[in-house]
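Every number in this text was worked out from the coordinates using simple rules, so none of it is lab data. Remember, predicted model here, so these are calculated numbers, not experimental data. Cβ placement follows ideal geometry from the backbone for every residue including glycine, while neighbour counts extend to all protein chains displayed.
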Amino acid sequence: MPNSLNALRLSTVASLGSPGKGENTMDEKNLLDLWNTKRSQIIKAQMAPNLMLIGIFVLAAFGKFDGASDAAKYLAIGVAATTGILSMITQYATIREAEALIVDLKRVTNPSELSKKIATSRGLVSLFAIAIVGLGIAVFALVVWAVLV
């Protein structure tokens, strides 16, 4: 029985067509649907780290780390780091796929205004990839400070 990842792969392959030269293309609607899926993946990838940060900052605000053992503090930092790193990897991979999708949207004949707008947003998408790394490092530093100080 195929799992959800295999089903996604199969549905993606089914929506591709072969125009001839060994290239696979998708129509504009499928590309826009995929764009929205990528946006949703980035949002969903932020949920677990945000909940983790809320928990850590609530505990820090109430001074719960003051009397905690070093092991508990390092565990909190380690879990926050792991959650954040996995989230950043997911978001970065999604952004790389979105950049490829932007290239495909530029190739659409007679694109809609939405497709044109998305196709010109590669710089913003690349900037978002940089921001994910920069903000991730800054937030992790704040987590360490909140837990250890």
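Just one of the listed residues (F65, F128) is surrounded by 13 or more Cβ atoms within 10 Å (Cβ to Cβ), aromatic (F, W, Y) and closer than 23 Å to S40 by Cα, namely F128. When you scan segment 39-49, do you find a residue that is surrounded by 15 or more Cβ atoms within 10 Å (Cβ to Cβ) and more than 24 Å from F128 (Cα to Cα), even just one? No - not one qualifying residue is present in segment 39-49. You will find that of A93, A138, the residue that is within 19 Å of the chain's Cα centre (by Cα), closer than 13 Å to L53 by Cα and not basic (K, R) is A138 and no other.
Of the residues that make up segment 113-120, is at least one more than 17 Å from W35 (Cβ to Cβ), surrounded by 15 or more Cβ atoms within 10 Å (Cβ to Cβ) and of a type in the set (A, V, I, L, M, F, W, C)? Give the steps one after another, and end with the answer.
First pass over segment 113-120, keeping only residues more than 17 Å from W35 (Cβ to Cβ): none.
Checking segment 113-120: not a single residue is more than 17 Å from W35 (Cβ to Cβ), surrounded by 15 or more Cβ atoms within 10 Å (Cβ to Cβ) and of a type in the set (A, V, I, L, M, F, W, C).
N110 meets the conditions (1) surrounded by fewer than 14 Cβ atoms within 10 Å (Cβ to Cβ); (2) closer than 24 Å to I56 by Cα in every case but one. The failed one is (2).
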